[in-house]
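Data block below; observations after.
The values are calculated or read from the model by the stated rules, or taken from the named source; none is laboratory data. Remember, it's a predicted structure, so these values are computed and weren't measured experimentally. Cβ atoms come from the backbone with ideal geometry, glycine included; neighbour counts cover every protein chain shown.
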Amino acid sequence: MTSTQTVLTGELRAVTRPHRFMARHASWIPVFAAVGILVAMVVGAQLYFGKFLTPRLVSSILLDNSYLLILAVGMTFVILTGGIDLSVGAVMSFTGMMGASLLRQGLPSSVVAPTMLATGALIGLGVGVLVQYFDVQPFIASLAGMFLARGLGFVVSLNSIKVTDRPILWLQGTRLQAGSGWYITPTGIIALLVVLVGAGLLAYTRFGRTVYAVGGNEQSARLMGLPVARTKLLAYVVSGTCAGLAGVIFTAYTGAAYPLNGIGTELDTIAAVVIGGTLLTGGSGFVVGSMIGVFVYGMIKTIINFLGVDQSWTRITIGALLLLFVVVQRLIVARSARRR
Amino acid sequence: MSLTDEEMTSDALVAMRGITIQFPGVKALDDVDLTLRGGEIHALMGENGAGKSTLIKALTGEYAVDAGSIAVAGEQRVFHGTADAQQAGVSTVYQEVNLCANLSVGENVMLGHEVRRAGRIDWRATHRAAVGHLQNLGLRLDTRTALGSHSIAVQQLVAISRAMVTEAKVLVLDEPTSSLDRGEVQQLFAVMRDLRSRGVAVLFVTHFLDQVFEISDRCTVLRNGRLVGDYPIDELSPGRLVSLMLGRELEDLAALSGASDRPVDRSGTPVVRMKGAGRKGLIEPADVDVYPGEVVGIAGLLGSGRTELARVLAGAEHADSGQIEVAGKAVRLNTPRHGIDHGIAYSPEDRRAEGILGDLTVAENIVLGIQARRGWRKVRRSEQDALVSEYIAALGIRPANPHVLIRNLSGGNQQKVLLARWLATAPALLILDEPTRGIDVGAKADIQSKVAELSEQGLSVVFISSELEEVLRLSQRIVVMREHRKIGELASSETDVDGLIDFIAHEGREGAA
């Protein structure tokens, strides 16, 4: 026993303080990188435009992207397990259509909103069952979910449905002021709450830790006696529920539902999650990172607006950033693999 | 020699009786008994394919038994999964560490058993508990560092700590030592002895006979899915154990001993000559010559640069200094493809990740090598069949069916298929990186004698192995590596295991020691 101790404490003693911090927080590096990019963008824009960063602008970034933030939180769960959920944009659109149609028929929003969430959860469950029990690739399973939801949206209506329900519009229309231009809407509060709950789930519950374990090594997780099937299923349910909630928020945001809403949103969501430092291979990443990723996305959109150039540049910039991040992630993974 | 039934069950922690497991077409286990007592280290021995893994998987709940009973601590159990077995107090540490490298050490120990307060995980308390469990095994680690940043040996000990969190009464160690070096094995043994003294029953599966005799108290031997017997280790000798496992005596192992004394003609051009070839960060520039019909061994500790040297020689790593000559001419070896084109075949260390294609059949795996050499030109069906059946017979691949998926073969037979793959390309130089790791005595002897036979016929071989006995027995010359550097070369006829160990440990280090 003594020999064991000497060898291993020797190893421990060699580790200095900054090294120890890095050894303990290596998985946060990509998040720090995303924060760095965000800060660089803000500083750059501030220098270029002279007057860029105002409380108004920061507030509006949260307002304009709360639906994306909610989707990104759900997507983080799925990507952490090593999967992907392509259905979220379509589910958001479909639940929006369904909700708007039910509201038009006179149902109260207190019934409609939970129904929208439940519908999202149900579609997520379906995708999860396909992935877990029928061994379908997550890409294909969620693609099926995407087509289904998109099609169902068209079944509800081919045209835009206006929403006049007061509580729903209140979510977006209320601006809680906090002086000198700061404001926040209930949609923004909901989105931040979702971030908080998502981060809490992942960091402080067995379900959350099992999500990481499954993404790290599914076979190991199973042999460690962890509930792998239930966890993967739940991850897709979380993502679906978030998509349903995003449906509510997006409906409030636009004041109407339209079956062509949210096309390509799933890709924006994935981009935000990846920029926020979550590894597409699973097992490493944070909800907080995804939030930073969404803010980076929103900031790019705003800067492009300020520049007055075509919005297609948003996509090009996002594409370039995504490429950069994926390459950087590969390098980090390759380096740690070599060090082992 | 074996005890009566009554004696066996009285103080047994685990009593498996009449275990039978049927796979499509095969009876993997046929009426096998296994008895484990608290406070003993029990070795489970047998060739690959004897049914060891199947028996373990029955005990750990991965496989359901078709007949027979399992009792743990006197209670009859039916396991429906690994979680059930863990509940009953049976924990397992697998050969490939089955933990999550992306999570922290502490989490890996505690996952599923985290300390919770008011519904949320109390990380401080969880890590404190993890530190306690690790210290019980004499490990002092920063539990907040990622598991992946530690060596395999430490990971293995962490896996054992995890097993002890569930207060396992029975600990199954499935080939825990196959990727550890000598010092690390001793650490593991210290932990095993400690567990034994605390009344845990340890089931130890290994291919290293000397380790069985060093640490275990009893030994159960399986052969072809049947029980051979349960013996106190004192009543066995290594030779007796091997013949129990093989069901035959040992003369074919002895026949090899002459290989290293065979004279090699080193007057002509070497088949391959490395001249100061190296790669920054991987291996320092080294000179290595391999002559026709010669077996050059590479010895050194795990991580000493043995594999890296082989990879540079094979073109799997691009040398950034020096040059490599094949048959006297300098060649470019930037990719494995270049190596294959020059007749250099490389069978990598990690056969599961870099060697076999599990979802292809034995025949397809064999033909792959020759197909790679031919490029787009088709390998005729009749030629394929002839090759495949020739090598299955020549190497004794079992089952002798070219159409089974290779992942269903035992490790030793997979290794033989890989050997066949490269031999089919008629290489000038064959590089074998740990070809006998984790395979049984019988297959090991088959592979060793094949290598000796081929080199006698003029094939040049580079042979890498952690087992110094094996390197000494097969090769005429041994290149010794340490810390990513070639530290010297020895003629096998002039040294023995102790001499080699001494060389690895001390050569060029006199000043420091």
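For region A:255-300, a residue qualifies if it is part of a helix (DSSP H, G or I) and of a type in the set (S, T, N, Q), and the qualifying residues are A:Thr265, A:Thr269, A:Ser290.
Taken over region B:105-115, residues that are surrounded by fewer than 24 Cβ atoms within 10 Å (Cβ to Cβ) and either at the interface with chain A (Cβ under 8 Å from one of its Cβ atoms) or in contact with a Leu (Cβ under 8 Å, 6 or more places away or on another chain) (or both) amount to 2.
Restricted to region B:410-465, and to residues there that are polar (S, T, N, Q), crowded, with 21+ Cβ neighbours inside 10 Å and touching a Lys or Arg at 6+ places or on another chain (Cβ under 9 Å), the residue that is nearest to B:Met481 (Cα to Cα) is B:Ser465. Taking region B:372-393 as the range and being at pLDDT below 85 and surrounded by 11 or more Cβ atoms within 10 Å (Cβ to Cβ) as the test, the residues that pass are B:Ala372, B:Arg373, B:Arg374, B:Val379. Residues that are within 26 Å of B:Leu418 (Cβ to Cβ) and in a strand (DSSP E or B): does region B:446-460 have at least one? Looking for residues that are within 26 Å of B:Leu418 (Cβ to Cβ) and in a strand (DSSP E or B), one finds at least one in region B:446-460, hence yes. Close contacts from region A:107-119, counting a first residue that is more than 15 Å from A:Ala252 (Cβ to Cβ) and a second that is surrounded by 12 or more Cβ atoms within 10 Å (Cβ to Cβ) and among the β-branched types (Val, Ile, Thr), with Cβ to Cβ under 7 Å and a gap of 6+ residues or different chains, come to A:Thr119/A:Thr95.
A count restricted to region B:145-195 and to residues that are among the small types (Gly, Ala, Ser) and within 16 Å of B:Ser466 (Cα to Cα) stands at 4. Residue under question is A:Ala229, and the condition is that it be surrounded by fewer than 16 Cβ atoms within 10 Å (Cβ to Cβ) and either within 14 Å of chain B (Cβ to nearest Cβ) or assigned to a helix (DSSP H, G or I) (or both); does it hold? Yes, satisfied.
Only one entry in B:Leu55, B:Leu99, B:Leu141 is within 28 Å of the chain's Cα centre (by Cα), in a helix (DSSP H, G or I) and closer than 30 Å to B:Asp350 by Cβ, namely B:Leu55. Among the criteria (1) under 19 Å from the mean Cα position of the chain (by Cα); (2) within 17 Å of B:Ala83 (Cβ to Cβ), the one A:Ile189 does not fulfil is (2). When the test is whether a residue is out of contact with any Pro (no Cβ under 9 Å at 6 or more places or on another chain), within 8 Å of chain A (Cβ to nearest Cβ) and among the basic types (Lys, Arg), B:Arg140 passes it. In summary, helices (runs of 4 or more DSSP H) completely within region B:275-383 and bearing 3 or more residues that are outside the structural domain of B:Ala505 (by TED's automatic domain parsing) and in contact with a helix residue (DSSP H, G or I) (Cβ under 9 Å, 6 or more places away or on another chain) occur at B:362-374. Within region B:153-175, does at least one residue satisfy the condition of being farther than 22 Å from B:Met45 by Cα, crowded, with 23+ Cβ neighbours inside 10 Å, within 12 Å of another protein chain (Cβ to nearest Cβ) and among the charged types (D, E, K, R)? The answer is yes; a qualifying residue exists.
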